[in-house]
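Could you have a look at this structure, given as structure tokens, before my questions?
Bear in mind that the values in this text are calculations on the coordinates, not laboratory data. Keep in mind that this is a model prediction, so the values were computed, not measured. Virtual Cβ from ideal backbone geometry, glycine too; neighbours counted across all protein chains shown.
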Ligand code: GLP
């Protein structure tokens, strides 16, 4: 696991966007796993700024422009899979993850909407829809890079505590804490659905690369448990310790409860193969 401590959420976004652009330019990123929530927003914003058509800094005179032009070409044929969706919320409603992904990812990055997939939380047969979602990911060749946030309960996607480490896409019940945390996107807490469809931890772990983003003091306890705690389904995000290629991007506040913070800084300072932008 690579732990990067950066000054703020904007710097996290810039680092992640640079990393994603390099993967796109190298043709190593054909299927992107996208997440909702506030955490990945600086990543999508920074990515959009790298794209010339959005009026970003990447004019053709830029020495990076060839690489970025290659990355942009890859972006046009990129397939994306979202992690999760609420059950029973129409994709037209702004609270739905369909709507969030449409606005924050598909439109912002100019992706082909036909290639951007979000689990169906309104299907008549939810179990069948979950199986089909898994199949769609497999047919796309699996996820190359998965962007992740982390919930206060230690969840990844909507895999709440006690989720099996080998779970697949399925229906889950949201923890009371998660419903409280997500009430800010709804008119009231009561309106936050009780159920969701989420990729399983087993599904997420099959992504070739994980990029977990967390910032702010409120994330510090969950980050500490995920990065340094025991591998336990009571903190689902602790499974990232088992992944062979996981990067954890933190600001100072989110990293503040890490016991071995000095060690991570030391490793970061002496990285032999740093990501070059
Ligand atoms: C939501 C999403 C997760 C996200 C998490 C954190 O419930 N299902 O994918 O990582 O909560 O959200 P935020 O980044 O807004 O703190």
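Can you give the % of DSSP beta bridges in the chain that are antiparallel, to the nearest 5?
Working: 8 of 30 bridges.
Restricted to the chain, the bridges split so that about 25 percent are antiparallel.
Grab the DSSP H runs of the chain that are 4 residues or longer, score each as -39,500 (n - 2.57), total them, divide by all residues and round the 222 nm result to the nearest 500 deg cm²/dmol.
On the way: 9 runs with 87 residues, N = 277.
Dividing the helical sum by the residues of the chain leaves -9000 deg cm²/dmol.
I would also like to ask the following. Sort 188, 167 so the one with the fewest other Cβ atoms within 10 Å of its own Cβ comes first.
Working: 188 7, 167 20.
Lowest count first: 188, 167.
What order do you get for 90-102, 243-255, 197-209 when each peptide is scored by the mean count of other beta carbon atoms within 10 Å, highest first? Provide the component values of the computation, followed by the final result.
Working: 90-102: 17.9, 243-255: 20.2, 197-209: 23.2.
Packing proxy ranking, top to bottom: 197-209, 243-255, 90-102.
For a quick protection proxy, order the peptides 262-271, 7-16, 148-157 by their average other-Cβ count within 10 Å, most packed first.
148-157, 7-16, 262-271
With N set to the number of residues, divide the alpha-carbon radius of gyration of segment 135-277 by 2.2 N^0.38 Å and report two decimals.
Rg over 2.2 N^0.38 Å, computed on Cα atoms: 1.10.
How big is the Rg/Rh ratio for the chain, C-alpha atoms only, Rh by Kirkwood, two decimals?
Details: Rg = 18.0 Å, Rh = 18.9 Å.
Ratio value, two decimals: 0.95.
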